[in-house]
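Undergrad: Structure in structure tokens, see below.
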Amino acid sequence: MCGVCGLLDNGPQWSDPLRKDIPPRQLRLQQLALLNRALKPWRLTLSEFHNSWLLASPTGQQTLVSSLDVLWKEAEKMIRRPIDPLDDNWLAALAQE
């Protein structure tokens, strides 16, 4: 994807927070921390890049994602297998954090 496409605003997402009492920047940082915690068992990391997220693998593969549904699809591509949110090993890794 070119840099310009990654900067376009896709509008509201289903995952947008409902709370309006916290500044948007603080909410975005909270989201980033939670998502990184969820991605850690697969050794994937997420960072902020303008108004998008940058998903990276330990081998250096990177892709821009603009929403949670795209994030999980791209994460599955990077790890080359489906992500099961009810996987016992993943839930155990999350519980240890």
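Undergrad: Hey, what did the range 24-81 get for relative contact order, percent, Cα under 8 Å, at least 6 apart? Display every interim value, and only then the final one.
TA: Details: 53 pairs, mean separation 11.8, N = 58.
Value for the range 24-81: 20 percent.
Undergrad: Where a Cα-Cα gap under 20 Å defines reach, which lysines qualify for Lys40, not counting those fewer than 8 residues away within the same chain?
TA: Straight-line reach from Lys40, under 20 Å: Lys73, Lys77.
Here, each number is a calculation from the coordinates, and none is a lab measurement. These numbers come from a predicted model, not from an experiment.
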